[in-house]
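Shown next, in structure tokens, is the structure this report addresses.
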Amino acid sequence: MTDVARARGKALFQLRSHVARPRPIRVPPREVDPPRQVGLIVHSLASNPGRIVNIARRVTQSIGAQLWVEFTSLAEPGRTQTVRLRHRGIDSLVVAGGDGTIRQSIEELVGSELPLGIVPVGSGNVLAAALGLTGRRMPDQIRSAICGSLADIDVGEVTCLQGDGQLRGPFHFCCMAGIGRDARTVQSTPRAAKKVMGPLAYGMAGLGQILRSPMSMSWRVDDGDWHQGRDWTVLATNTPLVPGAHIVPGGVVLARDARMDDGRLDVVAVAPHRPDEWIGIAAKGLLGSTSSAPGLQYAQGVSVQVRSAVPVAVQADGDIVSTHCSEFSAGIVGQVCIRVP
């Protein structure tokens with residue numbers, strides 16, 4: 001590498017480092033007293049589940065709390081365990097798993113005041129990454145999941161009208177739901193890659209979709225006008241940053257005005273008409289620019305509808321919830337209380 005190239009690289013890194021990244025939550029987390037009855041749900045395929053339980057037991061003993069432990073199974077992936085633990089009278093729940101297990105618990109917790117702590121041991125950990133809960137030592141993650149401060153975040157719900165007329169859903173999400181090439185990217189991301197790279201694996205798989213043709217779609221926010229065109233993807237996002245995309249310090253900006261506690265969804269329609277427009281789209285995300293970029297449209301609202309001329313895949317927080325969706329509907333349905341450091 002030449003001195004000129006090094007200088008350019010250093011200057012670019014410094015520029016990106018000083019770009020202010022939007023905070024995902026508007027309201028500062030609130031301090032609360034330690035819990036007295038803690039429920040812990042551990043994914044059955046988590047690495048070293050015994051260590052997770054032992055650390056959680058030490059933490060609860062140190063604060064004088066009782067610990068109740070449940071494990072998931074194929075027949076009971078998380079929601080049933082959440083119901084049982086609530087019946088035991090827990091005042092705080094911890095889930096050691098991935099986004100699928102967390103969504104199972106959120107389906108039971110949405111609208112309640114029961115705090116949810118997250119120990120991110122899944123393959124993608126999209127929600128945990130969006131909240132800044134990843135990349136920490138396991139004991140620190142577990143202590144925060146049990147004793148951390150509280151933040152209320154919005155919960156979205158997506159339903160899919162299939163190409164055969166069948167309705168799938170609703171499915172809950174906390175970060176984003178997407179239809180089109182974005183979901184195709186999720187489909188093509190190997191589980192092994194997600195395990196090693198986390199949410200960044202989706203970005204790597206997305207490189208194979210970038211030059212694929214956009215799809216004929218139309219979308220609208222709330223009861224507004226329909227936007228018709230050819231879109232690479234349409235996202236209903238609850239977070240301003242691409243979860244886990246730490247290519248630059250602070251993450252890649254997806255929707256600068258989005259917040260996880262504002263009661264609204266932000267629509268990001270990605271519709272590049274020429275391959276070179278991807279450069280502007282990438283630069284906007286990497287540099288956090290506030291200027292417009294060809295191929296990007298934004299909107300905000302409580303509900304989002306998307307229609308696709310050809311049935312296509314839909315993802316919610318990194319999990320495929322439909323493979324042949326013709327009409328996609330998403331909206332905010334409530335909040336869930338999350339423990340954060």
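Scan the stretch 101-113 and give yes if some residue there is assigned by TED's automatic domain parsing to the domain that holds residue 79, surrounded by 20 or more Cβ atoms within 10 Å (Cβ to Cβ) and not in a helix (DSSP H, G or I), otherwise no. Scanning the stretch 101-113, I find no residue that is assigned by TED's automatic domain parsing to the domain that holds residue 79, surrounded by 20 or more Cβ atoms within 10 Å (Cβ to Cβ) and not in a helix (DSSP H, G or I), so the answer is no. Take the conditions (1) touching a Phe, Trp or Tyr at 6+ places or on another chain (Cβ under 8 Å); (2) farther than 26 Å from residue 156 by Cα; (3) acidic (Asp, Glu); residue 277 misses just one of them, which is (1). Here residue 213 meets each of (1) modelled with pLDDT of 90 or more; (2) assigned to a loop (DSSP other than H, G, I, E, B); (3) of a type in the set (Gly, Ala, Ser) with one exception, condition (1). Quick one: is residue 59 surrounded by fewer than 18 Cβ atoms within 10 Å (Cβ to Cβ), part of a helix (DSSP H, G or I) and among the aliphatic types (A, V, I, L, M)? In short, no. For residues that are under 24 Å from the mean Cα position of the chain (by Cα), among the polar types (S, T, N, Q) and modelled with pLDDT of 75 or more, scanning just the stretch 269-303, find the one that is surrounded by the most Cβ atoms within 10 Å (Cβ to Cβ). Selected residue: 303.
The values are calculated or read from the model by the stated rules, or taken from the named source; none is laboratory data. This is a predicted model, so every value here is computed, not measured. Cβ: placed from backbone, ideal geometry, glycine included. Neighbour counts: every protein chain shown.
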